[in-house]
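Structure first, then comments.
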Amino acid sequence: MLSSLPGPLILLLSSILAIANTAILVPVLLLLALIKLLIPVAPVRRLFSRLIIGVAETWISINSFLVRAFTRADWQVTGLEHLQPDDWYLVLSNHQSWVDIVVLQDLCNRRIPLLKFFLKSQLIWVPLLGLAWWALDFPFMKRYSKEYLQRHPELRGTDVEATRRACQKFAELPVSVMNFVEGTRFTPKKHAQQQSPFRYLLKPKVGGVAFVLETMGDMLHAIVDITIVYPDGRPTLTDLLSGRVRRVLVDIRRREIPRELLGGSYENDLAVREAFQQWINRIWAEKDALMAEQSRTAEQS
C-alpha cells in the first residue's frame with residue numbers, strides 16, 4: 001500500500017523515518033559503548049559488544065523494513081543458504097551505487113556477522129556516524145602513499161601492524177569484513193578511463209584484499225562473494241527512497257581462501273603480488289560473465 005503513494009511523498013516519509021531510526025538508536029549504541037569502555041572486564045566487554053551489535057542489527061532491520069514497505073522492487077536472490085551467522089568472513093562485492101550498501105546490509109543482516117569496513121582514520125570525525133563506527137569496532141586505518149613512504153621509510157609497515165592490533169578484538173566474536181574490490185563505484189567514464197578488460201566491472205584493486213588477508217588471514221574462514229545487478233540501470237539512494245527501484249538481482253557464493261596466499265607480503269614479494277592478482281582476476285572474470293548472463297536474462301523477461 002505504501003509503495004503506491006506518489007514518489008515525492010515516499011521520499012519524504014522514508015527519509016524522515018530513516019533519520020528518526022538513526023537519531024533514536026545511535027545514542028543507545030553510544031551509551032552501551034561508553035559503559036563497555038568504563039568496565040574493562042573481558043566478560044562484560046563481550047556482553048556489551050553483543051548488545052552493541054544487536055542495536056546495529058536492529059537499526060539495519062528497521063531500515064530494511066522501510067525499503068521493502070515503500071518500494072515495489074522485485075528482489076531475486078540466490079545463495080542465501082551459503083551464509084552462516086557464526087563464522088568469520090571476508091565479503092567481496094562489485095560496487096555500482098550507494099544502494100549497494102543498503103542491499104548488502106539487508107541481505108546479510110543476521111545471516112552473517114555484522115558487516116565491518118576498514119575506514120580511513122579521518123572518518124572518525126564524521127558527526128555521529130564516526131562515533132558509531134568506533135563503538136562498533138570498525139578498524140580505522142592510516143594508509144600512506146608510496147611517495148610519503150619514500151620520504152619517511154621508517155613508517156613502512158606501521159599501517160599493517162596498527163590494523164593487526166585493531167583487529168585482535170575480532171577474535172572474540174565472529175565478524176564479516178567488507179571490501180569493495182573496485183575501490184570506487186562503477187561509471188562508464190571510469191570504465192573507459194581504466195580501459196577495463198571487463199564489461200560490467202572496473203579493474204579490481206587487489207591491494208585492499210591482500211591487506212585484509214595479511215592482517216586477518218588467520219581469523220577469516222571463508223569468502224562471501226556477492227554480485228549485484230540492477231537490470232533497469234544503476235539507481236541512486238534517492239531512487240531507492242522514492243520507490244523507483246524495480247529489480248535487484250543478487251548472487252551469493254561462498255569461496256575458500258587460498259591458503260597459499262597467506263603468510264606472504266603483498267607489498268614486498270613480487271611472487272605473492274602476482275598470485276593475488278591472478279586469483280582476484282579469475283574471480284572478477286567469473287563475476288563479469290555472471291553479470292552478462294543476468295543482464296541477458298533480465299532483458300528477455
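The values are calculated or read from the model by the stated rules, or taken from the named source; none is laboratory data. Remember, predicted model here, so these are calculated numbers, not experimental data. Using ideal geometry, Cβ is built from the backbone for each residue, glycine included, and neighbour counts are taken over all protein chains shown.
Quick one: count up the residues across region 118-127 that are closer than 17 Å to Ile101 by Cβ, outside any helix (DSSP H, G or I) and out of contact with any Phe, Trp or Tyr (no Cβ under 6 Å at 6 or more places or on another chain). Step through it out loud before you land on a result.
Applying the first criterion (closer than 17 Å to Ile101 by Cβ) to region 118-127 yields 118-120, 123, 126.
Retained after the next criterion (residues that are outside any helix (DSSP H, G or I)): 118-120, 126.
From what's left, out of contact with any Phe, Trp or Tyr (no Cβ under 6 Å at 6 or more places or on another chain): 118, 120, 126.
Total satisfying the criteria: 3.
Any residue in region 279-293 that's farther than 24 Å from Asp232 by Cβ: show its pairings with residues that are at pLDDT below 95 and part of a helix (DSSP H, G or I) at Cβ separation under 9 Å, as long as the two are six or more apart or on different chains.
Matching pairs, first to second residue: Trp279/Val206; Trp279/Val209; Trp279/Leu261; Ile280/Val206; Ile280/Val209; Ile280/Ala210; Asn281/Val206.
Is one or more of the residues making up region 136-145 polar (S, T, N, Q) and either in a helix (DSSP H, G or I) or free of Cβ contacts under 8 Å to residues at least 24 places away in the same chain (or both)?
Checked against the condition, which is being polar (S, T, N, Q) and either in a helix (DSSP H, G or I) or free of Cβ contacts under 8 Å to residues at least 24 places away in the same chain (or both), region 136-145 yields at least one hit.
Quick one: which residue in Ile252, Ile257 is farther than 22 Å from Ser4 by Cα, under 17 Å from the mean Cα position of the chain (by Cα) and not in a helix (DSSP H, G or I)?
That would be Ile252, the only listed residue that is farther than 22 Å from Ser4 by Cα, under 17 Å from the mean Cα position of the chain (by Cα) and not in a helix (DSSP H, G or I).
Within region 49-67, which residues are in contact with a helix residue (DSSP H, G or I) (Cβ under 8 Å, 6 or more places away or on another chain) and either under 30 Å from Pro6 (Cβ atoms) or polar (S, T, N, Q) (or both)?
Ser49, Thr58, Trp59, Ile60, Ile62, Asn63, Ser64, Leu66, Val67
For region 84-136, which residues satisfy the criterion of being at pLDDT below 90 and crowded, with 21+ Cβ neighbours inside 10 Å?
Ala132, Ala135
Among residues belonging to region 23-48 that are touching a helix residue (DSSP H, G or I) at 6+ places or on another chain (Cβ under 7 Å) and either closer than 23 Å to Leu66 by Cβ or of a type in the set (Asp, Glu) (or both), point out the one that is surrounded by the most Cβ atoms within 10 Å (Cβ to Cβ).
Ranking the candidates gives Leu29 first.
Within region 67-77, count every residue that is crowded, with 19+ Cβ neighbours inside 10 Å and either closer than 29 Å to Arg253 by Cβ or modelled with pLDDT of 90 or more (or both).
In the first step, residues of region 67-77 are kept if they are crowded, with 19+ Cβ neighbours inside 10 Å; the result is 67, 70-71, 73.
Applying the additional criterion that residues be either closer than 29 Å to Arg253 by Cβ or modelled with pLDDT of 90 or more (or both) yields 67, 71, 73.
So the answer is 3.
Being exposed (fewer than 15 other Cβ atoms within 10 Å of the Cβ) and among the acidic types (Asp, Glu) narrows it down to one of Glu293, Glu214, Glu267, so name that one.
Working: Glu214 fails: exposed (fewer than 15 other Cβ atoms within 10 Å of the Cβ); Glu267 fails: exposed (fewer than 15 other Cβ atoms within 10 Å of the Cβ).
Step by step, each of Glu293, Glu214, Glu267 is checked, and only Glu293 is exposed (fewer than 15 other Cβ atoms within 10 Å of the Cβ) and among the acidic types (Asp, Glu).
Which of the following residues is more than 30 Å from Ala298 (Cβ to Cβ), part of a helix (DSSP H, G or I) and of a type outside the set (D, E, K, R): Ser49, Ser14?
Details: Ser14 fails: more than 30 Å from Ala298 (Cβ to Cβ).
None of the other options fit; the residue is Ser49.
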